[in-house]
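In what follows, a single structure is set out as structure tokens and then discussed.
The values are calculated or read from the model by the stated rules, or taken from the named source; none is laboratory data. If you're wondering where the values come from, they're calculated on a predicted model, not measured in any experiment. Here Cβ is always computed from backbone atoms with ideal geometry, including for glycine, and neighbour counts include all displayed protein chains.
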Amino acid sequence: TQLLEQSPQFLSIQEGENLTVYCNSSSVFSSLQWYRQEPGEGPVLLVTVVTGGEVKKLKRLTFQFGDARKDSSLHITAAQPGDTGLYLCAGVALGSGGYNKLIFGAGTRLAVHP
Amino acid sequence: NAGVTQTPKFRILKIGQSMTLQCTQDMNHNYMYWYRQDPGMGLKLIYYSVGAGITDKGEVPNGYNVSRSTTEDFPLRLELAAPSQTSVYFCASSYGPTQPQHFGDGTRLSIL
């Protein structure tokens with residue numbers, strides 16, 4: 001069974017601080033996706049990383065895919081209250097029926113206080 | 001563009017009742033998914049479909065059934081509701097397994 005472990009589970013910080021969220025697995029993934037979910041809504045895709053070692057930036061968010069494609073990180077610089085939400089990583093895994101599917105980590109709940 | 005539409009948004013069931021959660025998408029996506037999200041937790045895959053007529057079990061399929069007779073629709077059936085099925089249910093769709101998933105707004109289900 002392929003599992004994605006996210007850490008930390010909860011993070012409460014002040015506006016302007018930096019933070020890093022981790023997504024780890026013992027399995028290799030062909031790609032990893034990061035989503036952000038706000039209360040009462042469905043998750044929304046932030047980025048997909050595909051190549052080992054790849055780094056992608058989305059304004060103050062930096063995403064990195066591990067060289068071995070088993071882990072990924074999300075770094076937020078100078079966090080803002082608008083960054084508050086649940087951050088989820090997801091990787092492609094093979095289902096029991098032989099079809100590929102996306103599995104999600106448990107998420108990191110971030111609260112940024114003014 | 002409607003995207004992924006889920007109905008109903010809220011529902012309260014009694015133990016042992018049955019119901020169908022509806023999901024439809026207008027993006028002509030092949031893949032569709034059903035997830036449940038318990039309070040403060042991530043998403044757990046219940047069932048998914050790779051195209052009309054083809055479904056497969058996810059991580060937590062027990063107590064649920066699905067069908068995919070058309071590309072657009074992917075209903076989730078609860079036959080005998082149990083308190084453990086109290087959760088928020090999300091439907092999603094994508095062109096393929098590695099493509100971005102588009103989510104509906106969720107159905108909040110309480111079983112008392």
TODO: Can you tell me which residue within the stretch B:14-30, out of those that are in contact with an Asp or Glu (Cβ under 9 Å, 6 or more places away or on another chain), among the polar types (S, T, N, Q) and not in a loop (DSSP other than H, G, I, E, B), is farthest from B:His102 (Cα to Cα)?
DONE: B:Gln22
Task: Checking B:Tyr33 against (1) in a strand (DSSP E or B); (2) within 10 Å of chain A (Cβ to nearest Cβ); (3) over 12 Å from the mean Cα position of the chain (by Cα); (4) not β-branched (Val, Ile, Thr), the condition it does not meet - done: (3)
Open item on the list: Of everything in the stretch A:11-70, what is in a strand (DSSP E or B) and free of Cβ contacts under 8 Å to residues at least 12 places away in the same chain? Give them in sequence order.
Closed with: A:Val44, A:Val55, A:Lys56, A:Lys57
- [ ] Starting from residues that are of a type in the set (Gly, Ala, Ser) and buried (at least 21 other Cβ atoms within 10 Å of the Cβ), keep the ones in the stretch B:59-93 and report whichever is farthest from A:Leu3 (Cα to Cα).
- [x] B:Ala81
TODO: Scan the stretch A:87-104 and give yes if some residue there is farther than 20 Å from A:Leu3 by Cα, surrounded by 15 or more Cβ atoms within 10 Å (Cβ to Cβ) and modelled with pLDDT of 95 or more, otherwise no.
DONE: no
Open item on the list: Could you tell me how many of the residues in the stretch B:96-112 are in a loop (DSSP other than H, G, I, E, B), more than 8 Å from chain A (Cβ to nearest Cβ) and farther than 20 Å from A:Leu94 by Cα?
Closed with: 1
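The rows are residues; the columns are (1) surrounded by fewer than 17 Cβ atoms within 10 Å (Cβ to Cβ); (2) within 11 Å of chain B (Cβ to nearest Cβ).
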| residue | (1), (2) |
| --- | --- |
| A:Pro8 | yes, no |
| A:Gly16 | yes, no |
| A:Val47 | no, yes |
| A:Gly52 | yes, no |
| A:Phe65 | no, no |
| A:Ser73 | no, no |
| A:Thr77 | yes, no |
| A:Gln80 | yes, no |
Task: Which listed residue is within 14 Å of chain A (Cβ to nearest Cβ) and touching a residue at least 60 places away in the same chain (Cβ under 8 Å), from B:Lys14, B:Lys9 - done: B:Lys9
Task: Candidate set: the stretch B:48-71, residues that are within 10 Å of chain A (Cβ to nearest Cβ) and not in a loop (DSSP other than H, G, I, E, B); chosen: the one nearest to the chain's Cα centre (by Cα) - done: B:Tyr48
Open item on the list: If a residue must be in a strand (DSSP E or B) and touching a Cys at 6+ places or on another chain (Cβ under 8 Å), how many such residues does the stretch B:72-92 contain?
Closed with: 3
